[in-house]
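> My questions will all concern the structure given below.
Just so it is clear, none of the values below were taken in a lab; they were calculated from the coordinates. What you see is a predicted model; the values in this text were computed from it and never measured. We place every Cβ from the backbone using ideal geometry, glycine too, and count neighbours over all the protein chains shown.
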Amino acid sequence: MLEIGTKAPDFSLPDQNGVVHSLSDFTGKKVILYFYPRDNTPGCTKQACGFSERGPQFQEKNAVIIGISKDSVASHKRFEEKFGLNFTLLADPELEAIKAYDVWQEKKLYGKVSMGVVRTTYLINEEGVIVKAFDKVKAADNPEQMLGELE
């Protein structure tokens, strides 16, 4: 996990509509940058829907939400449409941002070890500096938690 107080690594990745976004595009806004394992899985769906439901509250606090996984643009588009998501989902199949933010790690599930995305959320300030970092995030609680961090 990256250190609080460090400059957040910039990236350029396509969203669910194929439009490329860079972190630097959001200078002047707070960014909730969250990394999640996969579209359409129970935990990831709860987390995404929680952020989407609270979208107006985040906007009031000058914050944007960006979700990143290694899923494809097409997978993100289906995920967005299925659940009516109202924020940016970035596709990172090459693990560019995922590795830059140190969330590609060894995971153990039922005794099997594999590499994967560890659910992690960063709060980045208006100048692009990481001000909060949370790993091993509880998917259902994360949106409310992050709203509280903006107070």
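> Sticking with the crude label model, points 7 Å out along Cα→Cβ, report the distance from Lys29 to Asp135 in nm, one decimal please.
2.8 nm
> Ok, one more. Per the helix-only calculation at 222 nm, which mean residue ellipticity applies to the chain, given -39500 (n - 2.57) for every DSSP H run of n ≥ 4 and division by its residues, nearest 500 deg cm²/dmol? Numbers along the way, then the final one.
Numbers: 5 runs with 42 residues, N = 151.
Mean residue ellipticity, 222 nm, calculated: -7500 deg cm²/dmol.
> Let me ask another. Taking only C-alpha pairs under 8 Å that are 6+ residues apart, what is the relative contact order of the chain in percent? Don't skip to the end; give the middle numbers.
Values: 295 pairs, mean separation 50.4, N = 151.
Taking the mean separation of contacting Cα pairs over the length of the chain, I get 33 percent.
> Once amide H atoms are placed 1.01 Å from N in the peptide plane, what residues at a sequence separation of 5 or more from Asp92, or on another chain, have their amide H within under 5 Å of its amide H?
Placed amide hydrogens put Ser69, Lys70, Asp71 under 5 Å from Asp92.
> So for the chain, taking the charge dipole from beta-carbon charges (+1 Lys/Arg, -1 Asp/Glu), which of Tyr110, Val19, Ala8 sits furthest toward the positive end?
Tyr110
> I've got another one for you. Where the centre of each part is set by its Cα atoms, how far does the stretch 77-144 sit from the stretch 1-46, in angstrom?
7 Å
> For the stretch 50-58, just list the computed ³J(HN,Hα) in residue order, Karplus coefficients 6.51, -1.76 and 1.60, θ = phi - 60°, integers in Hz, with x standing in for Gly and Pro.
x, 5, 5, 4, 9, x, x, 5, 5
> From the phi angles alone, apply the Karplus equation (6.51, -1.76, 1.60; θ = phi - 60°) to the stretch 116-123 and give each ³J(HN,Hα) in whole Hz, x where the residue is Gly or Pro.
For the stretch 116-123, the Karplus curve yields x, 7, 8, 4, 9, 10, 10, 10 Hz.
> Counting other beta carbons within 10 Å of each Cβ, put Lys7, Lys112 in order, fewest first. Walk me through the intermediate numbers first.
Values: Lys7 12, Lys112 7.
Listed from fewest to most nearby Cβ atoms, that is Lys112, Lys7.
> Pop out the ³J(HN,Hα) list for the stretch 88-94 in order, Karplus 6.51 cos²θ - 1.76 cosθ + 1.60 with θ = phi - 60°, rounded to Hz; leave Gly and Pro as x.
With coefficients 6.51, -1.76 and 1.60, one gets 7, 10, 9, 8, 10, x, 8 Hz.
> Take every DSSP beta bridge with both residues inside the chain and express the antiparallel ones as a percent of the total, to the nearest 5. Kindly include the intermediate steps, with their values, before the conclusion.
Details: 21 of 31 bridges.
DSSP beta bridges in the chain are roughly 70 percent antiparallel.
> What is the order of Tyr34, Tyr122, Tyr110, fewest Cβ neighbours within 10 Å to most? Let's see the in-between values first.
Working: Tyr34 27, Tyr122 23, Tyr110 4.
Placing the least packed residue first, the sequence is Tyr110, Tyr122, Tyr34.
> With a 10 Å Cβ neighbour count serving as the proxy for reagent exposure, in which order, fewest first, do Glu94, Glu151, Glu126, Glu80 appear? Don't jump to the answer; show the numbers that get you there.
Details: Glu94 10, Glu151 5, Glu126 14, Glu80 21.
Listed from fewest to most nearby Cβ atoms, that is Glu151, Glu94, Glu126, Glu80.
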